[in-house]
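Trainee: I am attaching a structure below and will ask some questions about it afterwards.
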Amino acid sequence: MAISMRLSRGGSKKRPYYRIVIADARSPRDGKFIEKVGTYNPLLAKDDEKRVVLDTERAKHWLSVGAQPTDRVLRFLDAAGVKERAARNNPNKGKPGEKATERAEERATKAAEAAAAAEAPAETAEA
């Protein structure tokens, strides 16, 4: 059985509240879980100590048994000092997409043509 450590959503519409749970990977997001190991309230301030409440001992136990944390839960575990999270680097994130680069190239060629057209009548007027 594949065990995952993930968030289970609760709360009402536009007011999310999450439980950090240990669940079978095949069970639904908000469905049956094995154990609740913490909570996450995204509506609280980032520096509030009650924003993420985590039972570190139980989290360590489940990690040792083989539970796979999701990316968000891994961030919480890293902040708590339970498990190290490798820094990610995406060098392509800041690059524009294909269509944007095509538009930029078109603008550059039109600007070059306009500059060349502006210089050509100026040269004939000087002669």
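Just so you know, all these numbers are worked out from the coordinates, no wet-lab data involved. Keep in mind it's a predicted model, so treat the numbers as computed, not measured. Here the Cβ positions follow ideal geometry from the backbone for every residue, glycine too, while neighbour counts run over all protein chains shown.
Trainee: Just the number: Rg to Rh for the stretch 1-50, Cα atoms, Kirkwood Rh, two decimals.
Mentor: 1.03
Trainee: Please return the longest range in the chain lying between exposed loop sites, taking trypsin sites (Lys or Arg not before Pro), DSSP loop only, at most 11 other beta-carbon atoms within 10 Å, and leaving the sites out.
Mentor: In the chain, the maximal stretch lacking such sites is 51-87.
Trainee: Also, quick follow-up: Projecting each Cα onto the charge dipole of the stretch 5-126 (Lys/Arg +1, Asp/Glu -1 at the beta carbon, about the Cα centre), which of 121, 31, 86 comes out farthest on the positive side?
Mentor: Among 121, 31, 86, the one farthest towards the positive end of the dipole of the stretch 5-126 is 31.
Trainee: Related question: Kindly work out what percent of the DSSP beta bridges joining two residues of the chain are antiparallel, to the nearest 5.
Mentor: 90 percent
Trainee: Next question, about the same structure. If you line up the long axis of helix 98-126 against the longest principal axis of the chain, both from Cα atoms, how many degrees apart are they, to the nearest 10?
Mentor: 20 degrees
Trainee: Follow-up question, since we're still on this one. Can you give me the three principal axis dimensions of the chain from its C-alpha atoms, in Å, biggest first?
Mentor: Principal axes ranked by extent give 88, 31, 28 Å for the Cα atoms.
Trainee: Quick check: pseudo-label points 7 Å beyond the Cα along Cα→Cβ at residue 68 and residue 89, how many nm apart are they?
Mentor: 2.6 nm
Trainee: Hand me the GluC sites (Glu not before Pro) from the stretch 84-121 located in a DSSP loop with no more than 10 other Cβ atoms within 10 Å, in residue order please.
Mentor: Taking the stretch 84-121 and a limit of 10 other Cβ atoms within 10 Å, the loop GluC sites (Glu not before Pro) found are 84.
Trainee: Now, a different point. Relative to the first principal axis of the alpha-carbon coordinates of the chain, what is the inclination of helix 56-65, with its axis defined by its Cα atoms, in degrees from 0 to 90 and to the nearest 10?
Mentor: So the inclination is approximately 80 degrees.
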